[in-house]
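Everything below concerns the one structure shown next.
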Amino acid sequence: MNRIDRISAILIQLQSHSLVKAQQISERFDISIRTVYRDIRTLEEAGIPITGNPGIGYSLAEGFKLSPLMFTQKEALSFLIAEKLVHELTDSNSNEHYKSGIEKIRSVMRFADKNMLETMEKCMSVLNTYKSSIYKPDILLLILQSIYQKRIIEISYLGGNTSSVSERKIESVGIFFSRTNWYLIGFCLQKEAYLTFRIDRIQKMHILNELQSQEHPPLKKLIHEFYDKEKLHEIVIRIEKDKISMMNDDKYYYGLISEKEIGNMIEFHFLTFSISKFAHWYLSFADSATIIKPDSLKYEVKNIINNIFI
């Protein structure tokens, strides 16, 4: 990115956030802090009313507005991609809120960009995941609202291995999407521990008037502690080339990280959370595949087969 494009992008970043730190600009554009200071001075010299200082952060003076922005073709297409994913992977109300927002963005696009999006929309689809009908309306937005307000939520939660519903009070830390589901990480007041909850299993949710009682670690830190590689199982299997279609896209769900060709076989490397779940999936193509490691997967497959014939 040349300097003119970068300075324009910094201005857009300032317009999009209430406060932007020099370190955030540095990381986004891969430039030094000193270069950030020079770019900010350039904007100020051009008449842009920037408030703040290097130690706190920068923002545009209240009331300052830029004229409607022109989007590049790639930016416009990225909105279309996001629109398709939001439709399938969030709750119905979040989808409606996004549609309302994207319509406002489309309203300031050039005619050529609008025409391009209408044409490309017919060439893009996300297969129905049925997730949008499973999540409770507005649940993602309500969780985020509780985090911002630092208020406790109360949920009715359906356990994964039982049909019983438990009542929990949680101090929410953040949400993340993994594989096919949204998850909530929060401090459970009953268990007095940080736990992960699948959001599609939340039957009811209320934001309480009670404020959170403590400061929590950043979401990224908790995700790293919960899902670091030490807690994952490394699995290597080989399958005949002409049979790999039997694995279909499920291989990504079960943690595929790499594959390589070995003779008439393809060797797949996985990092997975559950040996047991992987073993049940492996049985669907076991007659065409060989387990290279670990032995624990071999034992699990044998146990499943033995239990079938008991």
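The values are calculated or read from the model by the stated rules, or taken from the named source; none is laboratory data. In this text, all values refer to a predicted model and were calculated from it rather than measured experimentally. Cβ sites come from the backbone with ideal geometry, for glycine too, and all protein chains shown count toward neighbours. The accessibility values were calculated without ligands, DNA or RNA, using every heavy atom of the protein model including side chains. Shrake-Rupley method; radii C 1.70, N 1.55, O 1.52, S 1.80 Å.
Points to keep in mind about this one:
- Accessible area per residue (1.4 Å probe, heavy atoms of protein chains only) ranks GLU45, GLU62, GLU103 as GLU62, GLU45, GLU103, with the largest value leading.
- Cα→Cβ-extended label distance, 7 Å offset, between ILE308 and ALA82, nm: 4.7 nm
- Relative to the 2.2 N^0.38 Å rule of thumb, the range 138-215 has a C-alpha radius of gyration ratio of 1.01.
- Rough spin-label spacing in nm, given labels placed 7 Å along Cα→Cβ, for ASP295 and ASN248: 3.5 nm
- Portion, in percent, of the accessible area of the chain that falls on carbon or sulfur, probe 1.4 Å: 53 percent
- The mean sequence separation of alpha-carbon pairs under 8 Å and at least six residues apart, normalised by the residue count of the chain, gives a relative contact order of 10 percent.
- Recomputing Cα Rg over 2.2 N^0.38 Å from the coordinates shown identifies the correct label among [x] 1.27; [y] 0.99; [z] 1.05 as [x].
- Percentage relative contact order, the range 176-286, counting C-alpha pairs under 8 Å, at least six apart: 21 percent
- For the range 184-274, the Cα-based Rg and Dmax, in that order, read 19.6, 64 Å.
- Distance in nm between pseudo-label sites at LYS74 and CYS188 (7 Å out along the Cβ direction from Cα): 4.4 nm
- Accessible-area rank, largest first, for ASP249, ASP138: ASP249, ASP138, with all protein chains present and a 1.4 angstrom probe.
- Calculated FRET efficiency, LYS204 to ASN115, Cβ-Cβ distance, R0 = 41 Å: about 0.35 to the nearest 0.05.
- Simple Cβ-charge dipole of the range 170-301, Lys/Arg +1 and Asp/Glu -1, about Cα centre, in debye nearest 20: 120 debye
- On a per residue basis, the chain carries 61 Å² of accessible surface, using protein heavy atoms and a 1.4 Å probe.
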